[in-house]
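The next block holds one structure in the form of structure tokens; read it before the comments.
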Amino acid sequence: MARISGTNLPVSKRVEYGLTYVFGIGLTRSRDILNKLKISYDKRVKDLSDSEVAAIQKAVNDYVVEGDLRKVITLNIKRLQEISSYRGSRHRKGLPVRGQRTRTNARTRKGPRKAGEAVSLKRKVTKK
């Protein structure tokens, strides 16, 4: 089992996709690392030698990943909130930050609908 930056990589996956399990490494960065180290994309994580795992670990250390990256993101959000920017206020309220509509949709940020909040499209028609 390969452990890189505190993350266990899935053993049966190809190396290029296994590296994406590390927070802060996407597919492009994963491929860049493997190209630099001249490791084949088709190789499985379980087939990596100890020297290749060590080389990958060393290459990953050049980037801000995992805990350090999470800390940077958190500090950036706190800074936006402290300076009372529009984006900071949206973060504080738990609403979409990047200009998405909220009249409909936005359920990921707003959470499930509250009780009594559902809008009825049909109004009651009273007979006289």
(request) Go through (1) assigned to a loop (DSSP other than H, G, I, E, B); (2) over 20 Å from the mean Cα position of the chain (by Cα) and name the single condition Ile56 misses. (result) (1)
(request) Can you confirm whether region 83-90 contains a residue that is touching a residue at least 12 places away in the same chain (Cβ under 8 Å) and surrounded by 12 or more Cβ atoms within 10 Å (Cβ to Cβ)? (result) no
(request) Could you list, in sequence order, all residues of region 65-84 that are modelled with pLDDT under 95 and part of a loop (DSSP other than H, G, I, E, B)? (result) Val65, Ser84
(request) Starting from residues that are assigned to a helix (DSSP H, G or I) and among the polar types (S, T, N, Q), keep the ones in region 25-51 and report whichever is farthest from Pro10 (Cα to Cα). (result) Asn35
(request) Return yes when Arg87 is closer than 30 Å to Arg113 by Cα and within 20 Å of the chain's Cα centre (by Cα) and no when it is not. (result) yes
(request) Quick one: in region 5-60, of everything that is free of Cβ contacts under 8 Å to residues at least 24 places away in the same chain and within 22 Å of Ile73 (Cβ to Cβ), which residue is surrounded by the fewest Cβ atoms within 10 Å (Cβ to Cβ)? (result) Thr28
(request) Confirm whether Val11 is touching a strand residue (DSSP E or B) at 6+ places or on another chain (Cβ under 9 Å) and either part of a loop (DSSP other than H, G, I, E, B) or among the aromatic types (Phe, Trp, Tyr) (or both). (result) yes
(request) May I ask you to verify whether Leu69 is free of Cβ contacts under 8 Å to residues at least 40 places away in the same chain and of a type in the set (A, V, I, L, M)? (result) no
(request) Tell me which of these Arg98 doesn't satisfy, since it passes every other one: (1) touching a residue at least 40 places away in the same chain (Cβ under 8 Å); (2) surrounded by fewer than 13 Cβ atoms within 10 Å (Cβ to Cβ); (3) assigned to a loop (DSSP other than H, G, I, E, B); (4) not hydrophobic (A, V, I, L, M, F, W, C). (result) (1)
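The values are calculated or read from the model by the stated rules, or taken from the named source; none is laboratory data. Since we're looking at a predicted model, the values are computed, not measured. Don't worry about glycine lacking a Cβ; one is built from the backbone with ideal geometry, like all the others, and counts go over all protein chains shown.
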